[in-house]
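Each remark here refers to the structure printed beneath this line.
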Amino acid sequence: MRVELRQRRIALGLTQLELAAAADVSRQLVAAVEAGVNVPAADAAVRLAQALECTVEELFAADEDGWGPAAISPGALVVAGCDPALALAERMLSGASASGSRPNAQLVAIDATSGTALASLDAGAIHAAVVHGLPEELGDARVDLTRVKLAAWRVGLGLAPGLSALTLEQVLDAGMPLVQRPESASSQRALRRAAEALGYGQLPAGAVASSHHDAARAAAALGSAALTTEGAARQLGLRFVGLEEHTVELWLAARWREHPAFEALLDLLVGRAYNARVSRLGGYDLTGCGTVLSSSDPARALSASRTLRSSPVAPRAAEAR
């Protein structure tokens, strides 16, 4: 892997610094990966592959020396998104695959914002993206899709215990520290819409969290407010003030409609065990979970979308930045 990364970088005439800038990672990470002393996080792996004009698998699949996440088979379904239940689905399918009850049914869950997940889907770097937002604000994909309903949830403010502010307007008026999400996040767009409706043209500067859970955790630790989901806020003991109710969908590139792991995922989503465990997370409306909303013709999608030579394998180790 480290040889492949260096060779592709040199072939494109990029320095380590230029590649780092293009992939939005640190130069130190690029150097560490090329030296074989670090494995990038999954979202960084996707960005590095895109910057080097290849798929994640081409760049990070296990090499002859045995590098790579041995627990993940080459046929795993790679899904990116910010739904915490993705990690639960990954564990449940992994158990079914290991037991032999659902062979070749592995899922690799990548934590990413809706915008990043959708861009990765369009680039052919993943099989499916989880997106959320207002029904008319979910975005567009450049590939034919099979769309599956996952849930509905509320995004809003998680407030640490003891805070007197109860509304977004009070938080903004008080100049209270507000942990936010990246601009590519649907929840960040919801925050901007709500602030603009109150007459605030600019949001306060603040920390940016990589996930809903991290945002809620930061607010709990700092005694402040955070932009997060209701479920994440409840789990961290925060009060929650809703801003928008979002629909949550899985968008699969239609050419992978017959992927065995996708078929297993559909069965999992409608099952009692998954629904019971997700319900315990809190903040999820699972009405219609697992319902296929629409499906394009896989044969047409195969010719229309960018070809993935085989299923990408995404590294899981933490990124050192």
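Is it true that R91 is under 30 Å from L238 (Cβ atoms), among the basic types (K, R) and either surrounded by 24 or more Cβ atoms within 10 Å (Cβ to Cβ) or touching a residue at least 24 places away in the same chain (Cβ under 8 Å) (or both)?
No, not satisfied.
Right, S97: surrounded by 15 or more Cβ atoms within 10 Å (Cβ to Cβ), of a type in the set (S, T, Y) and at pLDDT below 70 or not?
The answer is yes for S97.
What do you reckon, is Q188 at pLDDT 90 or above and either at positive phi or in contact with a Pro (Cβ under 8 Å, 6 or more places away or on another chain) (or both)?
In short, yes.
Specify the residue that is farthest from T291 (Cα to Cα); the eligible residues are those in the range 128-146 that are acidic (D, E) and surrounded by 15 or more Cβ atoms within 10 Å (Cβ to Cβ).
E137
List the number of the failed condition for V25; all other conditions in (1) in a loop (DSSP other than H, G, I, E, B); (2) modelled with pLDDT under 80 hold.
For V25, the failing item is (2).
Taking strands (runs of 3 or more DSSP E) that do not extend beyond the range 209-297, which have at least 1 residues that are in contact with a strand residue (DSSP E or B) (Cβ under 7 Å, 6 or more places away or on another chain) and within 21 Å of A195 (Cβ to Cβ)?
Working: elements: 225-229, 239-253, 292-295.
Counting at least 1 such residues, we get 225-229, 239-253.
Of the conditions (1) over 16 Å from the mean Cα position of the chain (by Cα); (2) part of a loop (DSSP other than H, G, I, E, B); (3) under 28 Å from D43 (Cα atoms), Y200 satisfies every one except a single condition; which number is it?
Of the numbered conditions (1) over 16 Å from the mean Cα position of the chain (by Cα); (2) part of a loop (DSSP other than H, G, I, E, B); (3) under 28 Å from D43 (Cα atoms), the odd one out for Y200 is (3).
For the range 147-175, how many residues meet the condition of being surrounded by 19 or more Cβ atoms within 10 Å (Cβ to Cβ), at pLDDT below 95 and among the β-branched types (V, I, T)?
Residues meeting the conditions: 1.
May I ask you to list pairs of residues, at least six apart or on different chains, whose Cβ atoms are under 8 Å apart, with the first in the range 112-126 being outside the structural domain of E53 (by TED's automatic domain parsing) and within 17 Å of S210 (Cα to Cα) and the second being assigned to a loop (DSSP other than H, G, I, E, B) and of a type in the set (V, I, T)?
Listed by first residue and then by second, the contacts come to A117/I126; S120/I126.
Which members of the range 231-272 meet the condition of being crowded, with 18+ Cβ neighbours inside 10 Å and β-branched (V, I, T)?
V241, T247, V248
Here is a yes/no grid of residues against (1) farther than 30 Å from P177 by Cα; (2) at pLDDT below 90:
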residue	(1), (2)
L227	no, no
G242	no, no
L265	yes, no
L268	yes, no
S279	yes, no
R309	yes, yes
A320	no, yes
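Does E90 count as of a type in the set (D, E, K, R), farther than 19 Å from L250 by Cβ and either at pLDDT 90 or above or not in a loop (DSSP other than H, G, I, E, B) (or both)?
Working: of a type in the set (D, E, K, R): yes; farther than 19 Å from L250 by Cβ: no; either at pLDDT 90 or above or not in a loop (DSSP other than H, G, I, E, B) (or both): yes.
For E90, the condition - of a type in the set (D, E, K, R), farther than 19 Å from L250 by Cβ and either at pLDDT 90 or above or not in a loop (DSSP other than H, G, I, E, B) (or both) - is not met.
Taking only the range 171-197 into account, find how many residues are part of a helix (DSSP H, G or I), of a type in the set (D, E, K, R) and closer than 16 Å to E244 by Cβ.
Of the residues in that region, 4 qualify.
For I110, state whether it is in a strand (DSSP E or B) and within 18 Å of L265 (Cβ to Cβ).
Taking the combined requirement at face value, the residue satisfies it.
Restricting attention to the range 188-200, does a residue exist that is among the hydrophobic types (A, V, I, L, M, F, W, C), touching a residue at least 24 places away in the same chain (Cβ under 8 Å) and over 25 Å from D140 (Cα atoms)?
yes
The values are calculated or read from the model by the stated rules, or taken from the named source; none is laboratory data. The model shown is predicted, which means the values in this text are computed figures rather than measured ones. Cβ: placed from backbone, ideal geometry, glycine included. Neighbour counts: every protein chain shown.
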